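What follows draws every value from the coordinates through simple rules; no lab data is involved. Just so you know, these numbers come straight off a predicted model, no measurement behind them. Methodologically, a virtual Cβ is constructed for each residue, glycine included, from the backbone with ideal geometry; neighbour enumeration extends over all protein chains shown.
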Amino acid sequence: WHLTDSNSFPFYSKRLPQVTRYGIFNPNQVYTPNDVLDLIEYGTQRGIKIIPELDAPSHAGKSRLNVFR
């Protein structure tokens with residue numbers, strides 16, 4: 001599961017919340033840690049292994065430009 005895109009980082013990280021703040025398109029379109037766990041559980045119940053993939057920094061888009069300022 002490709003969580004990030006070249007122009008968006010729609011995953012909320014407790015460790016680095018500023019990545020989400022600078023990298024999202026819309027604050028209503030963010031995967032929370034509970035969303036990720038729910039999706040993994042949903043897949044597990046159906047015999048599907050879901051592996052969250054975070055491509056950073058190359059696919060974190062604009063978030064990587066501002067996160068450490």
Task: In Hz, Karplus ³J(HN,Hα) per residue of region 34-42 (6.51, -1.76, 1.60; θ = phi - 60°; x = Gly, Pro) - done: 5, 4, 5, 4, 4, 5, 4, 5, 4
Task: Segment Asp38-Leu54, length gained on full extension (0.36 nm per residue, minus Cα span) - done: 4.0 nm
Task: Amide H contacts under 5 Å for Phe11, placed H, 5+ residues apart - done: Tyr31
- [ ] Work out how much length Gln45 to Gln18 would gain on full extension: take 0.36 nm times their residue separation and subtract the Cα-Cα distance, in nm to one decimal.
- [x] 6.4 nm
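Sort 27-34, 16-23 by packing, meaning the average of other beta carbons within 10 Å per residue, with the highest value first. Display every interim value, and only then the final one.
On the way: 27-34: 11.4, 16-23: 17.2.
Put in order of decreasing packing, that is 16-23, 27-34.
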